[in-house]
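What follows is a single structure, written as structure tokens, with notes after it.
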Amino acid sequence: MSDSRLDALDLRIVNALQFDPRARWEHLAPALGASAVTLARRWDRLHSEGLAWVTGAPTTGSHALIEIESAPSESALVAEHLIRDPAVRTLERTAGDRDLVAFVSAADQAELTRYLVAGLGAVPGVRRTRVHVLTDGLTEATRWRLGVLTDAEIALLPAVPRPRPRAARTVSPAVRAVVEQELWKDGRAPVGAIAEQAGVSAQTVTDAIARLRDEGAIVMRTDLAAPYSRWPVHTWYFIEADAREIDALRTGIRSVREVRFAFTSTGRTNLVLAASLRSITDINRFESALSAAFSRSRIADRSLVLLPLKHTGRRLRTDGTVDR
């Protein structure tokens, strides 16, 4: 896929927003060498065309990665059903011993169990599922970076705002619910618009967002349509990991640039990770490096993502952009 729809400044904007997805344009201007007006105009185009987007997600709840096999004649119907399902945060059509991979979130373990038994099990066309319940996150996609900014430019980026000294120490459930809802839809939603929805002042919303982020109750992430990211090849790895290695890998795995997401899970393959690569020819090299790093563990299976269908709750077009 050509990245001609994005130039160097576009990629630099996305990279900068990966450090603070809600950063103000005037605060990013010194690092990016462009005016706030130019940066805002560029982002508006990227966002409106579905090339890039920001999401705010609560960190509470229970989550699972599900491998799904479907009847060939009903594969498209199964995919469409899951795209429309709000519990499914991410959905990908994959190669290998599964047709689809879905990442599902629920309020708690009981709700997740009900979904797996009564929700997913009732989808027509689903023949078999393999469930990996997330037990511990080793690294998250929010930490992944495009890597186009220099160290000097990164040093000029603003810090994520901390709660102001006079801000309330707690966020009311009503305000929190609105903030989570609006930031899930658009992580850069204006404070004024959120305040209007919540029926409170803009300062209250500003304080709430700062407090929730500072406490780790909500995480922000900036995404770029994979085909335009210069890291277009996505793969899933299912690993039989020696428990003695996992704690040691917690720090090391974060330094592996290709790894976007890794978590321990229930089941025989107790370590699952997602990687982004520059080309399909990099798969063997990456797997060799992975095997060397996990000397006591074994890659039991892997799956190449053929087509992303849904990402952070958003339906995607065939070119990986958000279908707005």
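The values are calculated or read from the model by the stated rules, or taken from the named source; none is laboratory data. The structure displayed is predicted, hence computed values, not measured ones. Ideal geometry is used to build each Cβ from the backbone, glycine not excepted, and the neighbour counts take in all protein chains shown.
Can you tell me which residue is farthest from the chain's Cα centre (by Cα) among those in the stretch 293-315 that are within 30 Å of ALA248 (Cβ to Cβ), part of a loop (DSSP other than H, G, I, E, B) and not polar (S, T, N, Q)?
Start the filter on the stretch 293-315 by keeping residues that are within 30 Å of ALA248 (Cβ to Cβ), which leaves 293-305.
Retained after the next criterion (residues that are part of a loop (DSSP other than H, G, I, E, B)): 294-297.
If we keep only those that are not polar (S, T, N, Q) too, we end up with 294, 296.
On the way: PHE294: 24, ARG296: 29 Å.
By that ranking, first place goes to ARG296.
GLU245 fails exactly one of the following numbered conditions: (1) in contact (Cβ under 8 Å) with a residue 24 or more places away in the chain; (2) under 30 Å from ILE83 (Cα atoms); (3) surrounded by fewer than 20 Cβ atoms within 10 Å (Cβ to Cβ). What is the number of that condition?
With (1) in contact (Cβ under 8 Å) with a residue 24 or more places away in the chain; (2) under 30 Å from ILE83 (Cα atoms); (3) surrounded by fewer than 20 Cβ atoms within 10 Å (Cβ to Cβ) applied to GLU245, the lone miss is (2).
Condition first: small (Gly, Ala, Ser) and not in a helix (DSSP H, G or I). Now tell me which residues in the stretch 224-236 satisfy that.
Let us first name the residues in the stretch 224-236 that are small (Gly, Ala, Ser), namely 225-226, 229.
Across the stretch 224-236, the qualifying residues are ALA225, SER229.
Determine whether the stretch 43-57 contains at least one residue that is buried (at least 17 other Cβ atoms within 10 Å of the Cβ), touching a residue at least 12 places away in the same chain (Cβ under 8 Å), over 20 Å from the mean Cα position of the chain (by Cα) and more than 30 Å from ALA118 (Cα to Cα). Working first, answer last.
The initial filter retains those residues of the stretch 43-57 that are buried (at least 17 other Cβ atoms within 10 Å of the Cβ), namely 43, 46, 50-57.
Retained after the next criterion (residues that are touching a residue at least 12 places away in the same chain (Cβ under 8 Å)): 43, 46, 50-57.
When the remaining residues are screened for being over 20 Å from the mean Cα position of the chain (by Cα), the result is none.
Scanning the stretch 43-57 turns up no residue that is buried (at least 17 other Cβ atoms within 10 Å of the Cβ), touching a residue at least 12 places away in the same chain (Cβ under 8 Å), over 20 Å from the mean Cα position of the chain (by Cα) and more than 30 Å from ALA118 (Cα to Cα).
Considering only the stretch 65-85, I want to know if a residue exists there that is farther than 25 Å from GLU180 by Cα, surrounded by 14 or more Cβ atoms within 10 Å (Cβ to Cβ), in contact with a Phe, Trp or Tyr (Cβ under 9 Å, 6 or more places away or on another chain) and of a type in the set (D, E, K, R).
Scanning the stretch 65-85 turns up at least one residue that is farther than 25 Å from GLU180 by Cα, surrounded by 14 or more Cβ atoms within 10 Å (Cβ to Cβ), in contact with a Phe, Trp or Tyr (Cβ under 9 Å, 6 or more places away or on another chain) and of a type in the set (D, E, K, R).
Cβ-Cβ under 7 Å, sequence separation 6+ or interchain: first residue in the stretch 5-30 and assigned to a helix (DSSP H, G or I), partner among the basic types (Lys, Arg) and surrounded by fewer than 22 Cβ atoms within 10 Å (Cβ to Cβ). Which pairs?
Within 7 Å, the pairs are LEU9/ARG42; ASP10/ARG42; ILE13/ARG42; ASN15/ARG145; GLN18/ARG145.
Consider only pairs whose beta carbons are under 7 Å apart and that are at least six residues apart or on different chains; among these, list those whose first residue lies in the stretch 75-93 and is closer than 15 Å to ALA122 by Cα and whose second residue is part of a strand (DSSP E or B) and small (Gly, Ala, Ser).
Once the first residue is closer than 15 Å to ALA122 by Cα and sits in the stretch 75-93, its partners that are part of a strand (DSSP E or B) and small (Gly, Ala, Ser) give VAL78/SER70; LEU82/ALA102; ALA87/SER105; ALA87/ALA106; VAL88/ALA102.
Yes/no per residue for (1) in a helix (DSSP H, G or I); (2) under 28 Å from SER288 (Cα atoms):
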| site | (1), (2) |
| --- | --- |
| LEU138 | no, yes |
| ALA177 | yes, no |
| THR222 | no, no |
| ASP247 | yes, yes |
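Considering the stretch 115-125 alone, what residues qualify as being surrounded by 12 or more Cβ atoms within 10 Å (Cβ to Cβ) and farther than 22 Å from ARG314 by Cα?
Taking the stretch 115-125 as the starting set, the residues that turn out to be surrounded by 12 or more Cβ atoms within 10 Å (Cβ to Cβ) are 115-116, 119-120, 123, 125.
Passing the criteria: only GLY125.
Scan the stretch 301-315 and tell me whether some residue there is farther than 28 Å from GLY56 by Cα and either at pLDDT 95 or above or surrounded by 13 or more Cβ atoms within 10 Å (Cβ to Cβ) (or both). It would help to see each step written out before you state the result.
To start, the set of residues in the stretch 301-315 that are farther than 28 Å from GLY56 by Cα comprises 301-302.
Checking which are either at pLDDT 95 or above or surrounded by 13 or more Cβ atoms within 10 Å (Cβ to Cβ) (or both) leaves us with 301-302.
Taking every residue of the stretch 301-315 in turn, at least one turns out to be farther than 28 Å from GLY56 by Cα and either at pLDDT 95 or above or surrounded by 13 or more Cβ atoms within 10 Å (Cβ to Cβ) (or both).
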